[in-house]
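Data first, discussion second: the structure below is written as structure tokens.
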């Protein structure tokens, strides 16, 4: 169902693995090179086949199933957003939690666990699992399952937040109705063996509801009240409800706006777009056409730190030895893809 919570919302360089095709130039900073066939943009590692869109899958002909509204989710979503609007009228006491929760999604659930674009040592994984739990957008295991399904079956009924069904559906509507049968069918086939083998992810999965309630709702409300004398209303509506709704909507914009508005310099055949405004709000996740073309790139962008705070964070973690084996696509592979499938909007440096 749409969520475990109340609902689901879908630097020095150490070792960097470079995906390249065709091979060109020398490697810097001890980068490790992986070969890729220049004829396609598909994953070169067998364990990453679920990250790549499956163009052979097509929706069955005929009308889609009748929508089954999940009224619990609809009511909770409305109440959350009303509370967030009230929170805007108050004076914010802290913005750190926005960045903290955002990293739990971008650097954690997305780039580390969903796409395995880099590796993290235990202290960093613990930090990211806590941040992800506070973000309250479903546990890492189910978030990853739905996200891999989204990549593999983008723009079909098997895509959990299929942008072909409109902005509202891709943004939040998919959480307010029952999942399409194709989402359940194809999602159950996605390989999740890597996360099943990771004890930290499975620990979060088992205790997700109580952990998320405490970290996302209780602590942000209680701590400001008792530690620096914030009023209960300010604590409830700003660091708790307003912060939560802001993180939700920024995440959702990657599914909606970044699939409907922007350019497609890397692959004109898919819906995902380059959307700078989304990248600003989502800590670097708005370079979405690039990301769907090269889902195994840890930066989700050709340009690393450019409007990409998550990449900056990962590189800082690499500088102190907590992140390593960062995958980066070579310039040759990027240019080959642009030439083959781009929409012509790409401007070279």
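Considering only segment 226-237, state which residues are assigned to a helix (DSSP H, G or I) and surrounded by 14 or more Cβ atoms within 10 Å (Cβ to Cβ).
Those that are assigned to a helix (DSSP H, G or I) and surrounded by 14 or more Cβ atoms within 10 Å (Cβ to Cβ): 234, 235, 236, 237.
Kindly establish whether residue 100 is within 20 Å of residue 278 (Cα to Cα) and in contact with a helix residue (DSSP H, G or I) (Cβ under 8 Å, 6 or more places away or on another chain).
Yes.
Can you find, within segment 299-313, the residue that is surrounded by the fewest Cβ atoms within 10 Å (Cβ to Cβ) among those that are part of a loop (DSSP other than H, G, I, E, B) and touching a helix residue (DSSP H, G or I) at 6+ places or on another chain (Cβ under 6 Å)?
305
Every residue in segment 314-335 that is out of contact with any strand residue (DSSP E or B) (no Cβ under 8 Å at 6 or more places or on another chain) and surrounded by fewer than 19 Cβ atoms within 10 Å (Cβ to Cβ), please.
Answer for segment 314-335, where residues must be out of contact with any strand residue (DSSP E or B) (no Cβ under 8 Å at 6 or more places or on another chain) and surrounded by fewer than 19 Cβ atoms within 10 Å (Cβ to Cβ): 316, 319, 320, 321, 331, 335.
Output the number of the condition that residue 269 fails; it satisfies all remaining conditions of (1) modelled with pLDDT under 95; (2) not in a loop (DSSP other than H, G, I, E, B).
(2)
Would you mind finding the one in 190, 214, 223 that is at pLDDT 95 or above and surrounded by fewer than 21 Cβ atoms within 10 Å (Cβ to Cβ)?
Details: 190 fails: at pLDDT 95 or above; 223 fails: at pLDDT 95 or above.
From the options 190, 214, 223, the qualifying one is 214.
Is it the case, given these coordinates, that residue 303 is over 19 Å from residue 137 (Cα atoms), in contact with a strand residue (DSSP E or B) (Cβ under 8 Å, 6 or more places away or on another chain) and at pLDDT below 95? Break it down stepwise before answering.
Working: over 19 Å from residue 137 (Cα atoms): yes; in contact with a strand residue (DSSP E or B) (Cβ under 8 Å, 6 or more places away or on another chain): yes; at pLDDT below 95: yes.
Criteria met by residue 303.
For residue 280, only one of the following conditions fails: (1) modelled with pLDDT under 95; (2) assigned to a loop (DSSP other than H, G, I, E, B); (3) closer than 21 Å to residue 104 by Cα. What is its number?
Unmet condition: (2).
Kindly provide the set of residues from segment 336-349 that are over 19 Å from residue 275 (Cβ atoms) and surrounded by fewer than 16 Cβ atoms within 10 Å (Cβ to Cβ), ordered by number.
The answer is 339, 340, 348, 349.
The values are calculated or read from the model by the stated rules, or taken from the named source; none is laboratory data. All values derive from a computational prediction rather than experimental measurement. As a convention, Cβ positions derive from the backbone with ideal geometry for all residues, glycine included, and neighbour counts pool all protein chains shown.
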